[in-house]
1. Look at segment 9-49 and say how many of its residues are in contact with a helix residue (DSSP H, G or I) (Cβ under 9 Å, 6 or more places away or on another chain) and part of a loop (DSSP other than H, G, I, E, B).
2. Right, residue 6: touching a helix residue (DSSP H, G or I) at 6+ places or on another chain (Cβ under 7 Å), open to solvent by less than 40 Å² (accessible area, probe 1.4 Å), under 23 Å from residue 153 (Cβ atoms) and β-branched (Val, Ile, Thr) or not?
3. Quickly run through segment 121-153 and pick out the residues that are β-branched (Val, Ile, Thr), under 19 Å from residue 2 (Cα atoms) and not in a loop (DSSP other than H, G, I, E, B).
4. Give 68, 94 a once-over and let me know the one that is open to solvent by 20 Å² or more (accessible area, probe 1.4 Å), part of a strand (DSSP E or B) and not acidic (Asp, Glu).
5. Considering every residue within segment 102-123, establish whether at least one is open to solvent by less than 80 Å² (accessible area, probe 1.4 Å), hydroxyl-bearing (Ser, Thr, Tyr) and in contact (Cβ under 8 Å) with a residue 60 or more places away in the chain.
6. Take residue 156 and tell me if it is of a type in the set (S, T, N, Q), within 17 Å of residue 7 (Cβ to Cβ) and touching a residue at least 12 places away in the same chain (Cβ under 8 Å).
Amino acid sequence: MKKALVIVDVQNDFVTGSLGTKEAKEMLPHLVRKLEKVVEEKSADLYFTVDTHKENYLETQEGKFLPVEHCIKNTDGWKIVPELGKFVEKAKDVVEKKTFGATRLPALLKPYDEIEFVGLCTDICVVSNALLLKAFYPETLISVDAKCCAGVTPESHLAALTTLKSCQCKIYND
């Protein structure tokens, strides 16, 4: 079985920066352990996504709904957290995305039997990308490791997991 692991938006701004949360910080050690195991066992190909905005972010539709500058390309907040640096080097691809869903992912992930998601934020970008792939590949196992995700709030994290499960995505809690 060929498996891809997609690490969604684990960037400075979502962990310690302008939109950082306690839950994102607490999730990070679980994610590092998971990635260490995956790399050691060679059990999945790694793909990263990075939320990527321009300096005019506040003028965009998203910026009007969420008026907090974040993940502006080439800033420190845009970078993937240092704890994941050694895994980025092993990734098949790092996909920049200007919106919640990474529209390049379906083409990149077509050959996989399972596509697992981890990262931030469960209730925005993780759920968007998981459901995007489920729509493209309804017979592919789409899964999420709940312990390696964090939402904007604990409640919205759980709500997103409920939605994912309702849409026939497998939820792990490893």
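1. Going through segment 9-49 one residue at a time, the tally reaches 10.
2. The answer is yes for residue 6.
3. Passing the criteria: 142, 144.
4. One residue alone meets the criteria, 94.
5. So far as segment 102-123 goes, yes, one or more of its residues are open to solvent by less than 80 Å² (accessible area, probe 1.4 Å), hydroxyl-bearing (Ser, Thr, Tyr) and in contact (Cβ under 8 Å) with a residue 60 or more places away in the chain.
6. The answer is no for residue 156.
The values are calculated or read from the model by the stated rules, or taken from the named source; none is laboratory data. Just so we're clear, the structure is a prediction, and the values are computed from it rather than from any experiment. Note that each Cβ is placed from the backbone with ideal geometry, even for glycine, and that neighbours are counted across all protein chains shown. The protein model used for the area step is the full one, side chains on, heavy atoms only, and it has no ligands, DNA or RNA in it. Shrake-Rupley method; radii C 1.70, N 1.55, O 1.52, S 1.80 Å.
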